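Report on the following structure.
The values are calculated or read from the model by the stated rules, or taken from the named source; none is laboratory data. Predicted model, so just to flag it, every value in this text is computed and none were measured. Glycine gets a Cβ as well: all are built from the backbone with ideal geometry, and neighbour counts include every protein chain shown. Protein only, heavy atoms only, side chains kept; ligands, DNA and RNA dropped before computing areas. Shrake-Rupley method; radii C 1.70, N 1.55, O 1.52, S 1.80 Å.
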Amino acid sequence: MKSENVFAFFMLIALVSFLGFTVENLWMAVTKGYMDNRNMTLPFLLGYGLAVAAIFLLFGTPCKMRIGAYILPFKSKAVSAFFYFLAVMLCISAGEIVLGTVVEKVCGIVWWDYTGLPLHITKYTSLFTSMGFTVIIVLFMEFAAIPLFRFFTSWNIVGLGICSCTLMLLMAVDFVRSAYLMYRDKKLLVTWTHETKKNKIYRALHGN
């Protein structure tokens, strides 16, 4: 893979990591009434970026699904997108269960809990949350990933390399630091919170 493609891939990982941080906080704002740092110092959740990168490498894009380098011979884009959706949802559900369970066993922390939601599978995943994340990822992969990748490769390669590698290094350091502190202290790493219970959207959803 060419250097500019690697750097563009890093930028996509950083962008998705930021979007993951944003989506999680929007979810918390409307369901719990607050936002916080999501256990990180920087506004990036590296797990989201790496997960989407892995999905792309494994399955390609929805209308041209593949397994590794082998393009699956689906007769229509709709069928390809359907099986892509199922594969991504299965990966998300399995990933949430594995990550949540590992953190609970290693750090003694219940990072999130979906037992209050219908059709949950263990406390760490549920049908509706997995479907919601999958819809977002499928739409992103089909309509945004490739155009963004091409946009990043149009940058000056020196600037692209510096920016992408710096972001990857910062996210990796932040991730390792946060993981260590959670393991050491056996609690979530909360450095700031912002209450949203007075927000009109929260009040309307919760009947306040």
Within the range 182-207, which residues are closer than 19 Å to Leu99 by Cβ and either surrounded by 15 or more Cβ atoms within 10 Å (Cβ to Cβ) or of a type in the set (S, T, N, Q) (or both)? Met182, Leu188, Leu189
Hits in the range 181-204 (condition: in contact with a Gly (Cβ under 7 Å, 6 or more places away or on another chain), closer than 16 Å to Asp36 by Cα and assigned to a loop (DSSP other than H, G, I, E, B)): Thr196, Lys197
Identify the single condition in (1) of a type in the set (A, V, I, L, M, F, W, C); (2) over 19 Å from Leu19 (Cβ atoms); (3) crowded, with 16+ Cβ neighbours inside 10 Å that Val102 does not satisfy, given that it satisfies every other one. (3)
In the range 152-178, the residues that are part of a helix (DSSP H, G or I) and buried (at least 16 other Cβ atoms within 10 Å of the Cβ): Phe152, Thr153, Leu160, Gly161, Cys163, Ser164, Leu167, Met168, Met171, Asp174, Phe175, Ser178
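Take the residues in the range 1-46 that are aromatic (Phe, Trp, Tyr) and not in a loop (DSSP other than H, G, I, E, B); name whichever of them is most open to solvent (accessible area, probe 1.4 Å).
It comes out as Trp27.
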Pair list, Cβ under 6 Å, 6 or more apart: the range 88-117 residue among the charged types (D, E, K, R), other residue open to solvent by 50 Å² or more (accessible area, probe 1.4 Å): Glu104/Val110; Asp113/Lys123
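Output the residues belonging to the range 78-87 that are out of contact with any Ser or Thr (no Cβ under 7 Å at 6 or more places or on another chain) and either open to solvent by 30 Å² or more (accessible area, probe 1.4 Å) or in contact (Cβ under 8 Å) with a residue 40 or more places away in the chain (or both).
The answer is Ala78, Val79, Ala81, Phe82, Phe83, Tyr84, Leu86.
Of everything in the range 105-147, what is of a type in the set (Asp, Glu) and either open to solvent by less than 30 Å² (accessible area, probe 1.4 Å) or touching a Lys or Arg at 6+ places or on another chain (Cβ under 9 Å) (or both)? Give them in sequence order.
Residue satisfying the conditions is Asp113 alone.
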Is it the case that some residue within the range 65-77 is β-branched (Val, Ile, Thr), open to solvent by 70 Å² or more (accessible area, probe 1.4 Å) and in a helix (DSSP H, G or I)? no
Which pairs do you get when a residue that is more than 14 Å from Leu15 (Cα to Cα), found in the range 154-174, comes within reach of a residue that is open to solvent by less than 80 Å² (accessible area, probe 1.4 Å) and part of a helix (DSSP H, G or I), reach meaning Cβ atoms under 6 angstrom, with the pair 6+ apart or on two chains? Ile157/Glu4; Gly161/Phe7
Odd one out for Gly207, checked against (1) over 14 Å from Leu46 (Cα atoms); (2) assigned to a helix (DSSP H, G or I); (3) without any contact (Cβ under 8 Å) to a residue 12 or more places away in the chain; (4) not aliphatic (A, V, I, L, M): (2)
